[in-house]
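A.B. asks: Before I ask anything, let me first share the structure, which is written out below as structure tokens.
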Amino acid sequence: METQNESYTVTAVDLTHDGLGVVRLEDGYTVFVGGLLKGEKAVITVTERRKSYGFGSITELLERSPFRVAPRCVHFETCGGCDLMHMDYDVQLAFKKYRLETTLKRAGMENIPVGDMIGMVNPYHYRNKIEIKFAQGEKGLEAGFFRAKSHELVNLQECYIMPKRIFDLIVLLKNVGNELGIKAFDPASGTGVLKSAVLRESGKTKAISLLLQLANDNLPSPELLVQKLRAKTPELASVATTVTQDESTLSQDRIKILYGTETILDSIGNLDFEIGFRSFFQTNILQTEHLYQKALEYAGLTGKERIIDAYCGIGTIGLFAASKAYKVFGIEVIKSAIQDARKNAERNQIKNAFFEVGEAEEVIGKWLKFKFDVLFVDPPRKGCDPKFLEAVIGMKIPKVVYVSCDPATLVRDLKILTDGGYAVQEITPVDMFPQTIHVESVSLLTLKNA
């Protein structure tokens, strides 16, 4: 029997959903190999062996795929940010569509039409928001992302998914932080202060916001820090700090403004949105416009429809659709997001959009007696709550337009809806996150007997 750390010559027969090469040893044992493309032949080492499958690494690449490209980023092998940068971009798009199709097939839904993936002309530097972690290195502050499946920081020397100005600001933040004696927080010893930062750039105004997430309120020389950052970064429009245990957007901890305003302005199509430090806002504006245009195309609005926008965030989809509908009713569990949605409706002079705070399944339960024509739903990665889907089925809303960021939970929810009387007409995948394994899509469902 083969043992761990032995070497084998193999050929990849497929890719997993997260881009690992699938190989089979002579006894049929399956090994997943990082960085190996379908059809490539390599000498691999089995690094971890489990009962029915294992993991391996490439020792020597013997035959290269014609679709392999040299990754632009020096951190590709170590950073957990990009999984597919070694794959030709057109092949990335084909792989993501294939991933969606195979997920459907496993659920017995292989007959659902899947359109071509909407890709980007330039699949780099597309993210308008970056969350960066800090650690204390031998030469001072280090900033970057964690290695895949670890809490070991990769200190970034370059990055091809974030805007160049944001990367330059991160470098400046490290240098100024070292100059002012700012230390990264060390959870083991409890020393230091700086945990992470959230940086956002507006595609409309090019303004940048910076939120520093701290372990305590002992940030050295905050006024001087802002002064030095602004001197080299004129686009820096707002700087804030928060002392928090929760570094997610769901944190309720107080934000202290050091400079500028609480929001920056960005736009989708012809609508302007005020984006706060913790606001949920799509991170790829160019692709968001394509996504929303497809969603509106699927909705087929005539101006007479009553729309529900569930999991609405700061109201982007509902407000995008409002000019083509009679009324829009948005639901979101995060109170601050609903406050932002109402402000954004007012800013864009939209008077036919209304927003309510609460769990989608609870709010929609109050609306069972009312008639609606279209439901837009854009849930988090975990998908929709079963009670919400049950209510939707009971309301018999004629059209459901489902925006998803995870094929597995999408297909699970589509199965529930189709069992409840809906038919999936088409799914269009949209590449919101080039170079990564993530797959976004928009689906149209209609009532079978409508």
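A.B. asks: Select from segment 412-432 the residues that are in contact (Cβ under 8 Å) with a residue 40 or more places away in the chain and touching a Lys or Arg at 6+ places or on another chain (Cβ under 8 Å) and write down the one among them that is nearest to Glu297 (Cα to Cα).
C.D. replies: Thr428
A.B. asks: From the list Asp272, Asp266, which residue is buried (at least 19 other Cβ atoms within 10 Å of the Cβ) and among the charged types (D, E, K, R)? Break it down stepwise before answering.
C.D. replies: Working: Asp272 fails: buried (at least 19 other Cβ atoms within 10 Å of the Cβ).
Only one candidate qualifies: Asp266.
A.B. asks: Among the residues that make up segment 393-402, is at least one of them of a type outside the set (Ser, Thr, Tyr), within 17 Å of Leu104 (Cα to Cα) and open to solvent by 10 Å² or more (accessible area, probe 1.4 Å)?
C.D. replies: no
A.B. asks: Right, next: Identify all residues within segment 78-105 that are part of a loop (DSSP other than H, G, I, E, B) and surrounded by fewer than 19 Cβ atoms within 10 Å (Cβ to Cβ); write none if there are none. Reasoning before the result, please.
C.D. replies: At the first step, the residues of segment 78-105 found to be part of a loop (DSSP other than H, G, I, E, B) are 78, 80-86, 88.
Passing the criteria: Thr78, Gly80, Asp88.
A.B. asks: Mind telling me which of the residues Gly108, Gly190, Gly119 ends up being open to solvent by 40 Å² or more (accessible area, probe 1.4 Å), among the small types (Gly, Ala, Ser) and within 30 Å of Ile427 (Cβ to Cβ)? Steps first, please.
C.D. replies: On the way: Gly190 fails: within 30 Å of Ile427 (Cβ to Cβ); Gly119 fails: open to solvent by 40 Å² or more (accessible area, probe 1.4 Å).
Unique residue meeting the criteria: Gly108.
A.B. asks: Going by the conditions given, is Lys206 open to solvent by 30 Å² or more (accessible area, probe 1.4 Å), of a type outside the set (Asp, Glu), at pLDDT 95 or above and more than 22 Å from the chain's Cα centre (by Cα)?
C.D. replies: On the way: open to solvent by 30 Å² or more (accessible area, probe 1.4 Å): yes; of a type outside the set (Asp, Glu): yes; at pLDDT 95 or above: yes; more than 22 Å from the chain's Cα centre (by Cα): no.
So Lys206 does not fit the description; no.
A.B. asks: Could you please let me know if Ala135 is outside any helix (DSSP H, G or I), loosely packed, with under 14 Cβ neighbours inside 10 Å and in contact (Cβ under 8 Å) with a residue 12 or more places away in the chain? Please lay out each step first, then the result.
C.D. replies: Working: outside any helix (DSSP H, G or I): yes; loosely packed, with under 14 Cβ neighbours inside 10 Å: no; in contact (Cβ under 8 Å) with a residue 12 or more places away in the chain: yes.
Spelling it out, it is not the case that Ala135 is outside any helix (DSSP H, G or I), loosely packed, with under 14 Cβ neighbours inside 10 Å and in contact (Cβ under 8 Å) with a residue 12 or more places away in the chain.
A.B. asks: To continue, here is another question. Given the structure, is Glu356 of a type outside the set (S, T, N, Q), in contact with an Asp or Glu (Cβ under 9 Å, 6 or more places away or on another chain), part of a strand (DSSP E or B) and open to solvent by 30 Å² or more (accessible area, probe 1.4 Å)? It would help to see each step written out before you state the result.
C.D. replies: Numbers: of a type outside the set (S, T, N, Q): yes; in contact with an Asp or Glu (Cβ under 9 Å, 6 or more places away or on another chain): yes; part of a strand (DSSP E or B): yes; open to solvent by 30 Å² or more (accessible area, probe 1.4 Å): yes.
Here the answer is yes, as Glu356 does meet what is asked.
A.B. asks: Restricting attention to segment 410-417, does a residue exist that is open to solvent by 20 Å² or more (accessible area, probe 1.4 Å), within 30 Å of Met85 (Cα to Cα) and outside any loop (DSSP other than H, G, I, E, B)? Can you show your working first?
C.D. replies: Of all residues in segment 410-417, those open to solvent by 20 Å² or more (accessible area, probe 1.4 Å) come to 412, 415-416.
When the remaining residues are screened for being within 30 Å of Met85 (Cα to Cα), the result is 412.
Then keep just the ones that are outside any loop (DSSP other than H, G, I, E, B); that gives 412.
Among the residues of segment 410-417, at least one is open to solvent by 20 Å² or more (accessible area, probe 1.4 Å), within 30 Å of Met85 (Cα to Cα) and outside any loop (DSSP other than H, G, I, E, B), which makes the answer yes.
A.B. asks: Failed condition for Gly330, given (1) assigned to a strand (DSSP E or B); (2) more than 23 Å from the chain's Cα centre (by Cα); (3) crowded, with 19+ Cβ neighbours inside 10 Å, with all others met?
C.D. replies: So Gly330 meets the others, but not (2).
A.B. asks: Within segment 54-77, can you find the residues that are open to solvent by 80 Å² or more (accessible area, probe 1.4 Å) and either farther than 24 Å from Ile161 by Cβ or in a strand (DSSP E or B) (or both)? Write out each step before concluding.
C.D. replies: Filtering segment 54-77 for residues open to solvent by 80 Å² or more (accessible area, probe 1.4 Å) gives 59-60, 63-64, 66-67, 70, 72, 74, 77.
Of everything in segment 54-77, those that are open to solvent by 80 Å² or more (accessible area, probe 1.4 Å) and either farther than 24 Å from Ile161 by Cβ or in a strand (DSSP E or B) (or both) turn out to be Thr59, Glu60, Glu63, Arg64, Pro66.
A.B. asks: Right, here's the next one. Please note which strands (runs of 3 or more DSSP E) are completely contained in segment 1-44 and include at least 1 residues that are within 20 Å of Ala70 (Cα to Cα), open to solvent by less than 40 Å² (accessible area, probe 1.4 Å) and not small (Gly, Ala, Ser). If you could, list the steps in order and put the result at the bottom.
C.D. replies: Details: elements: 7-11, 21-24, 30-33.
Qualifying strands (runs of 3 or more DSSP E): 30-33.
A.B. asks: Applying the selection to segment 173-231, what residues are closer than 20 Å to Asp253 by Cα, out of contact with any strand residue (DSSP E or B) (no Cβ under 9 Å at 6 or more places or on another chain) and outside any loop (DSSP other than H, G, I, E, B)?
C.D. replies: If the condition is that a residue be closer than 20 Å to Asp253 by Cα, out of contact with any strand residue (DSSP E or B) (no Cβ under 9 Å at 6 or more places or on another chain) and outside any loop (DSSP other than H, G, I, E, B), then no residue fits.
A.B. asks: Follow-up question, since we're still on this one. Might you let me know whether segment 150-173 holds any residue that is buried (at least 19 other Cβ atoms within 10 Å of the Cβ) and of a type in the set (Lys, Arg)? Before you say what the answer is, go through the steps one by one.
C.D. replies: The initial filter retains those residues of segment 150-173 that are buried (at least 19 other Cβ atoms within 10 Å of the Cβ), namely 153-154, 156, 159-163, 166-167, 169-170, 173.
Next cut, of a type in the set (Lys, Arg) only: none.
Scanning segment 150-173, I find no residue that is buried (at least 19 other Cβ atoms within 10 Å of the Cβ) and of a type in the set (Lys, Arg), so the answer is no.
The values are calculated or read from the model by the stated rules, or taken from the named source; none is laboratory data. Just so it is clear, the model here is predicted, and its values are computed rather than measured. Every residue, glycine as well, gets a Cβ built from its backbone with ideal geometry; the counts of neighbours run over all protein chains shown. We work out accessible area using only protein heavy atoms, side chains counted, and drop any ligands, DNA or RNA first. Shrake-Rupley method; radii C 1.70, N 1.55, O 1.52, S 1.80 Å.
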